[in-house]
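Take a look at the structure set out below.
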Amino acid sequence: MIQFGDLIRLQKRLPANCPLRLAPFINDPLAFAGEKNLDADAGALKGLLEHSCAGDPVLPAVLEGIAESLCVIRKAEAALEKLRSEAGEIFAGYDVTATGSLYQSDTDISHTLWLEAFKEHDGMELVFQLHSTLELKATWSQVVVFLKNGADAAHMRTRMQALPAAGWSFSEQNGPELHALLLENRILGKQTARKSMEDGKRVLESVSA
């Protein structure tokens, strides 16, 4: 693994107009997914490194890391396109956003796709959230119902507590303006992102019926 200090050291030897910052590109490539001219910028970065840092002992590993980051980015872009397409079909009538980034869980750090679908319904905000691998295997999902403070949450609480199947857990959060009722499902890569979205949509339909 390339040390962060080495990436900063090499960056300082590059010109100020370098098209990409080296450390973020190596360590969090998904943050660059969807950017235009990325192949050209990565090629320019490699050329600048070869010119300015020739002979540095970590240069070969850094150049390999740039190539690996590009591969991860292209894989993530294809996965995000498919994820957005499936989510748009499943969550018709919802606003859908999907991005990718580095995610640190309790056990590891991984490249993760994040999806959120949400809409206003009858004084509530209905939200579905998903974490997925680049292979579109779901690792975590959550259904959230936001109620305005002052609303009677007892009926919705009873309905949501009656819904969960195996693997789902209910919780509540009370903020200064919103009351949130949550159903969380830690899936641990055992089902596809599509199946998780379909399950989440069924929960939301049951809640809002």
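Tabulated data for the structure shown
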quantity	calculated
Single unsatisfied condition, LEU45 versus (1) open to solvent by 30 Å² or more (accessible area, probe 1.4 Å); (2) of a type outside the set (S, T, N, Q); (3) part of a helix (DSSP H, G or I)	(1)
Those residues of the range 48-85 which are of a type outside the set (D, E, K, R) and under 16 Å from TRP114 (Cα atoms), in sequence order	VAL72, ILE73, ALA76, ALA78, ALA79, LEU80, LEU83, SER85
Qualifying residues in the range 1-20 (those that are open to solvent by less than 60 Å² (accessible area, probe 1.4 Å) and assigned to a loop (DSSP other than H, G, I, E, B)) - the one farthest from HIS51 (Cα to Cα)	ILE2
Verdict on GLY100 being buried (at least 17 other Cβ atoms within 10 Å of the Cβ), assigned to a strand (DSSP E or B) and touching a residue at least 24 places away in the same chain (Cβ under 8 Å)	yes
Pick from the range 26-40, criterion in a loop (DSSP other than H, G, I, E, B) and more than 19 Å from LEU10 (Cβ to Cβ), ranking: least open to solvent (accessible area, probe 1.4 Å)	ALA33
Contacts under 8 angstrom Cβ, first residue in the range 181-192 being of a type in the set (Gly, Ala, Ser), partner in a loop (DSSP other than H, G, I, E, B), 6 or more apart	GLY189/THR133
Test: residue in the range 160-167 that is surrounded by fewer than 18 Cβ atoms within 10 Å (Cβ to Cβ), in a helix (DSSP H, G or I) and either modelled with pLDDT under 80 or aliphatic (A, V, I, L, M) (or both)	yes
Meets criteria (open to solvent by less than 80 Å² (accessible area, probe 1.4 Å), without any contact (Cβ under 8 Å) to a residue 12 or more places away in the chain and either assigned to a helix (DSSP H, G or I) or within 19 Å of PRO29 (Cα to Cα) (or both)) for ALA78	yes
Criterion violated by GLY55 - all others in (1) in contact (Cβ under 8 Å) with a residue 40 or more places away in the chain; (2) open to solvent by 50 Å² or more (accessible area, probe 1.4 Å) satisfied	(1)
Condition met for ALA23 (under 14 Å from SER69 (Cβ atoms), small (Gly, Ala, Ser), touching a helix residue (DSSP H, G or I) at 6+ places or on another chain (Cβ under 7 Å) and touching a residue at least 60 places away in the same chain (Cβ under 8 Å))	no
Failed condition for ILE90, given (1) open to solvent by less than 70 Å² (accessible area, probe 1.4 Å); (2) on the phi < 0 side of the Ramachandran plot; (3) touching a Leu at 6+ places or on another chain (Cβ under 7 Å); (4) in contact (Cβ under 8 Å) with a residue 40 or more places away in the chain	(3)
Subset of the range 113-130 (residues that are open to solvent by 10 Å² or more (accessible area, probe 1.4 Å) and outside any loop (DSSP other than H, G, I, E, B))	TRP114, GLU116, PHE118, LYS119, GLU120, HIS121, MET124, GLU125, GLN129
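The values are calculated or read from the model by the stated rules, or taken from the named source; none is laboratory data. Predicted model only: the values in this text are computed from it and were never measured. Here the Cβ is made from the backbone with ideal geometry for all residues, glycine too, and neighbour counts use every protein chain on show. Ligands, DNA and RNA are excluded from the accessible area calculation, which covers all protein heavy atoms including side chains. Shrake-Rupley method; radii C 1.70, N 1.55, O 1.52, S 1.80 Å.
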